[in-house]
Amino acid sequence: MGQRRISTTVRVRAVSWGKKAAARLHDDWLGRVWTVDPEGVLLVSETGEMVSLVPHEVGNGPFHVVLAPGEANALKGLKRGTWVWRVGEELWVGDSLTVLLPDAEPWDAGLDWHALRQVDAAILARRLHWLADALLARAPEGSFAGLLPELLAGEELTDRPDLERHGRLLRWRAARVLRHLMPAMEMGDMVTVETLGNRAAGLGPGAPPAGDHFLIGLIAGTRLWPHVVEASGLKVEPVLRRMALGAAERTSLLGWGLIHEALAGAFSEPWHQLARLLQDDSNHPDEQHARLVELVKVWLERPDVLGASGLAGFVLPFLWHQRKMTS
């Protein structure tokens, strides 16, 4: 391909990139635009490696290239299949867009949820209660989080004719997962766990869908609060791998990429912010509580109930364990 650009090319600047993105975008990288959605543009190389160009508001992720503030409009209108290649310190997207790659040190997406267990168990439990209370008090109807109170209370799922059709359908499908997933984990029923991971993947709206965000949150939450899985006598990591592998055939390329990264211990920036709040070693509980509530509000502003779904997966192992302890 020639290296001459037409004069109408839009030039934008990227301010950060994840370690995976920096490693994948080697000097002779060549790929295509795979998908275009409000949370970014997914690029896929000829060998199947993924890189995402994302607005500044989305922030860092394992394979994100984050544009400078105010430059996300340049991503609109890009066409699926457009060739993308690296030329020097730039990424050329067809003849319409040039992205100046960052010169900053790549961002490390690695996050060890096991390390948070160093926080005093009573303190961590209190903070998870705050997080769950804030989520359930504000959870959108027709979301994974919106179902948790009914299911944790052992209630039959009621029909909601007041919701739009897609919201009612998501409630029914998500309930099929949530009603049986934690009991299966507790009993070590890996066939059911794998089946339910498959059912959750690709479920609901969003890119990737809400069900994928739920699974990512569940991976994080189970590592942080592993008691339900450990009660079965099984080890956490093989259980999570088995559950996630069931998702591979049902979700999108981006969804599977993010689930796979979560299995490998790599999470996007909002998860790092949550981990920092849960680890906060200051002695100001009121401020800690307020910051967790504010974080939930920010997550719930994400489109397509994606934030609510991720947090629902995260708090579920803790809430189920607390329910079993008090029943």
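The values are calculated or read from the model by the stated rules, or taken from the named source; none is laboratory data. All of these numbers come straight from a predicted model, not from anything done at the bench. Ideal geometry is used to build each Cβ from the backbone, glycine not excepted, and the neighbour counts take in all protein chains shown. To get the accessible areas, we keep the full protein, side chains included, count just its heavy atoms, and leave off ligands, DNA and RNA. Shrake-Rupley method; radii C 1.70, N 1.55, O 1.52, S 1.80 Å.
Is one or more of the residues making up segment 236-248 assigned to a helix (DSSP H, G or I), at negative phi, touching a residue at least 60 places away in the same chain (Cβ under 8 Å) and not charged (D, E, K, R)? Walk me through how you get there before you give the answer.
Start the filter on segment 236-248 by keeping residues that are assigned to a helix (DSSP H, G or I), which leaves 236-245.
Still in the list and also at negative phi: 236-245.
If we keep only those that are touching a residue at least 60 places away in the same chain (Cβ under 8 Å) too, we end up with none.
No: zero hits.
Of all residues in segment 95-143, which are under 22 Å from GLY313 (Cα atoms), among the β-branched types (Val, Ile, Thr) and not in a helix (DSSP H, G or I)?
VAL119
Identify, from the list ARG32, ARG11, ARG24, the residue that is over 24 Å from PRO209 (Cα atoms) and open to solvent by 80 Å² or more (accessible area, probe 1.4 Å).
Values: ARG32 fails: over 24 Å from PRO209 (Cα atoms); ARG24 fails: open to solvent by 80 Å² or more (accessible area, probe 1.4 Å).
When all the criteria are applied, what remains is ARG11.
Among the residues of segment 96-111, is any of a type in the set (S, T, N, Q) and open to solvent by 20 Å² or more (accessible area, probe 1.4 Å)?
The initial filter retains those residues of segment 96-111 that are of a type in the set (S, T, N, Q), namely 96, 98.
Adding the requirement that they be open to solvent by 20 Å² or more (accessible area, probe 1.4 Å) leaves 96.
Checked against the condition, which is being of a type in the set (S, T, N, Q) and open to solvent by 20 Å² or more (accessible area, probe 1.4 Å), segment 96-111 yields at least one hit.
For (1) touching a strand residue (DSSP E or B) at 6+ places or on another chain (Cβ under 7 Å); (2) modelled with pLDDT under 95; (3) buried (at least 16 other Cβ atoms within 10 Å of the Cβ), each residue gets a yes or a no:
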| site | (1), (2), (3) |
| --- | --- |
| GLY255 | no, yes, yes |
| ALA266 | yes, no, yes |
| LEU274 | no, no, yes |
| SER282 | no, yes, no |
| VAL298 | no, yes, no |
| ARG302 | no, yes, yes |
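Does GLU287 qualify as being open to solvent by 30 Å² or more (accessible area, probe 1.4 Å), of a type outside the set (Phe, Trp, Tyr) and within 14 Å of the chain's Cα centre (by Cα)? So that I can check it myself, show each step before the final result.
On the way: open to solvent by 30 Å² or more (accessible area, probe 1.4 Å): yes; of a type outside the set (Phe, Trp, Tyr): yes; within 14 Å of the chain's Cα centre (by Cα): no.
In short, no.
Quick one: is TRP17 at negative phi, out of contact with any Pro (no Cβ under 9 Å at 6 or more places or on another chain), of a type in the set (A, V, I, L, M, F, W, C) and assigned to a strand (DSSP E or B)?
Numbers: at negative phi: yes; out of contact with any Pro (no Cβ under 9 Å at 6 or more places or on another chain): no; of a type in the set (A, V, I, L, M, F, W, C): yes; assigned to a strand (DSSP E or B): yes.
When the stated conditions are applied, TRP17 does not pass them.
Within segment 178-201, which residues are open to solvent by 30 Å² or more (accessible area, probe 1.4 Å) and at positive phi?
If the condition is that a residue be open to solvent by 30 Å² or more (accessible area, probe 1.4 Å) and at positive phi, then no residue fits.
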